[in-house]
Structures are given as structure tokens and as C-alpha cells.
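The values are calculated or read from the model by the stated rules, or taken from the named source; none is laboratory data. What you are looking at is a predicted structure, and each value in this text was computed from that prediction instead of being measured. FYI the Cβ positions are ideal-geometry reconstructions off the backbone, even for glycines, and counts take in every protein chain you see.
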Amino acid sequence: MAGEEERNYRVGLGVVTLEGLFQDLLGEALTASWTTGATVTRYRRRWTLSKIHSQTTDSIVGQIGFVGENEVTTLFFDYDTGDFVRGGAPSGVLVPFAIRLSDGLVAYQLRPGMVREESFAGALAALLNTTPNEYVWSVEAAVDFRSWDEWRSEVDSVTSFAFRLDKPNPHYDDDWRVEDLIENLQLEYARLAGKALDERGVNTDDEFFRQALDHVLREYGRAAVDGQTADGKESTWVKVKGMAASVMARLTVRAVGAEEIPEEELVSVLQSERVGHSRMDVRVLEGEFGDEP
């Protein structure tokens, strides 16, 4: 097909769960909550849910997509067919996904700079919750627990970071640069973010970076740090208050396809992934990475 070539696709993993005491089969609950053409607006993006593309006893497959409020687009949702349609030029973003019905594991396409874990999780949960029924859905990122030192030894360089530094109670310990920043400016919290200048990466041994990291590790804020391995794979380390540090579960899939990953590749990921991933609510990270407008 036109536009198809061998590509590297980035795939994120999450967990779709039912909240409350309901014990219905996941597939039946998803079907009951899946409204073709459902829409929600989040961060000036209007997200829409496609029809179910395929469903078996093992998985259910579909797409979500959005167009920014200020964009001129050739990506449309056709309510007659229940699916997305592109015009002559690409615009807007589609995110194919597949859900494993045995445990709710979801594999979906990450779109660098546009769709990361927190934006996908928030949008899919909101879309499933638009249907007025007894089901309440949550979507969380699948993660693997990892300390800072463990993760830093796995990546060749740090490419970017985002810290939220909260005013502590009771003290700053030895993090005097963080103290100067917050106290001198009379802040409730400060955000510190940066992107590496070149392939050498961020200098994580710098005193300011080390103090900001220490402040977060002492439970006064949160952090998301992006890195790259020697073979070019991306990785994100996350620390959220009250939770152990972790690494977002991501995969690289090489396949022949168009801009969107072939949906059968997502099903294959689900078939090969282990059961029992840890999970983390990434809603607290929305807006920290700059993905949302």
C-alpha cells in the first residue's frame, strides 16, 4: 500500500481496569462502554473513539485520535462508517491500541512529541467513561520499578528532564540551591525542565540537577527524566510522591506499515507480554512533558 515502509514504531503499555466492586467480564464491560464516535476535549484537543476494529475472545482493537482546536486538518471522523478518514495531506494524530481481555493490558502507539503515556491514558479513560452506565474505567501506565542509580546505569545519556519542586515541610536538608529558588521567589512550587544541547546529554552530575533530584527523592515533588540507551532506545524514569521510582514500560517494534502501526503488531505484543505488570497513575504527570498544548 502507498506510504508503507519498514519503520520503527514506539509502543507503550498500560493497564485498563474497572473501578468499584463490579466483576463483569472485561470484554463485555468494554463492549457496553464503547461508544463509536464518543468525544472528549482535553488540553484543547478533541479526542474521538473509533468503532471496534476487531474483537476476539483474547483482545479488542480500535483507535483514538485528535485534532487540536487551532489546527486546519484533513483528519475527519466519519460517523457513517464509525472511523477516521484522512484527506490528501496528513494532519491530526491517530493512536491505534489493543487491549488484552484476560487482564486489561493495553498496547498502543506512542507518538513522540504528541502522545505519551499520560495523554493516552487520560484520553482513553475519559472516552470509555462517556457512556452512561454502571462502569467506571481507569487507565494506568505499566511500569517496572527501578531506582535512579539502576536506571542511570542503563542509559547512555539523559536527553531531557522535568521536575516539579514543592516547598518542603519541614526542611530542605542540604539542597540549598532548591531552597534559594523557592524561598527567594516565594513559591509554593517550581518547575525545572531542560533538554540536552547535543548527543553528550544532560550533565546529571551538576549540583543543581543533583539537588533537584534529591529533593524529589525526599518526597517533595515529582520527576520525569528521559534517556537513551547506546542502541538508541528511549526510556523514561519517573518518581511520583508516595510511590517507588519506576520506568515506563515501552517497546520498539520494527514492521512494515504506514504512519500508524499495523494493529496486528499490537496484538502480537499483547500475546508476548508477561502477566502482572506493575502500574502507575500518570495523570499527575499531565503537562509536565510539554506534550499537551
Can you confirm whether the stretch 60-80 contains a residue that is out of contact with any Lys or Arg (no Cβ under 8 Å at 6 or more places or on another chain), modelled with pLDDT of 80 or more, closer than 17 Å to N129 by Cβ and assigned by TED's automatic domain parsing to the domain that holds A125? yes
Criterion (assigned by TED's automatic domain parsing to the domain that holds L127, at pLDDT 90 or above and among the hydrophobic types (A, V, I, L, M, F, W, C)) met by exactly one of A89, A38: A38
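Okay, residues lined up against (1) more than 30 Å from I52 (Cβ to Cβ); (2) surrounded by 15 or more Cβ atoms within 10 Å (Cβ to Cβ):
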residue	(1), (2)
Y108	no, yes
A121	no, yes
A126	no, yes
V136	no, no
V143	no, yes
W148	yes, yes
T159	yes, yes
D166	yes, yes
P170	yes, no
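Quick check on T204: is it among the polar types (S, T, N, Q) and under 30 Å from Q55 (Cα atoms)? Break it down stepwise before answering.
Working: among the polar types (S, T, N, Q): yes; under 30 Å from Q55 (Cα atoms): no.
No; evaluated as a whole, the condition is false for this residue.
Scanning the stretch 253-293 for residues that are modelled with pLDDT of 70 or more and of a type in the set (K, R), which turns out surrounded by the fewest Cβ atoms within 10 Å (Cβ to Cβ)?
R274
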Which residues, taken from the stretch 230-275, are within 17 Å of the chain's Cα centre (by Cα) and of a type in the set (D, E, K, R)? K233, E234, K239, R250, E260
Quick one: in the stretch 196-236, which of the residues that are at pLDDT below 95 and basic (K, R) is surrounded by the fewest Cβ atoms within 10 Å (Cβ to Cβ)? R200
Suppose we keep only residues that are over 18 Å from E265 (Cα atoms) and assigned to a loop (DSSP other than H, G, I, E, B) within the stretch 43-64. Which one would you say is farthest from the chain's Cα centre (by Cα)? K51
For the stretch 41-59, name all the residues that are surrounded by 16 or more Cβ atoms within 10 Å (Cβ to Cβ), touching an Asp or Glu at 6+ places or on another chain (Cβ under 6 Å) and modelled with pLDDT under 95. Y43
Please verify whether S119 is under 14 Å from the mean Cα position of the chain (by Cα), more than 19 Å from A29 (Cβ to Cβ) and either at pLDDT 90 or above or of a type in the set (S, T, N, Q) (or both), treating the condition exactly as stated. yes
Which of (1) in contact (Cβ under 8 Å) with a residue 12 or more places away in the chain; (2) in contact with a strand residue (DSSP E or B) (Cβ under 9 Å, 6 or more places away or on another chain) does R218 not meet, given it meets every other one? (2)
Please return the ranges of strands (runs of 3 or more DSSP E) entirely within the stretch 186-240 where 2 or more residues are of a type in the set (S, T, Y). 234-239
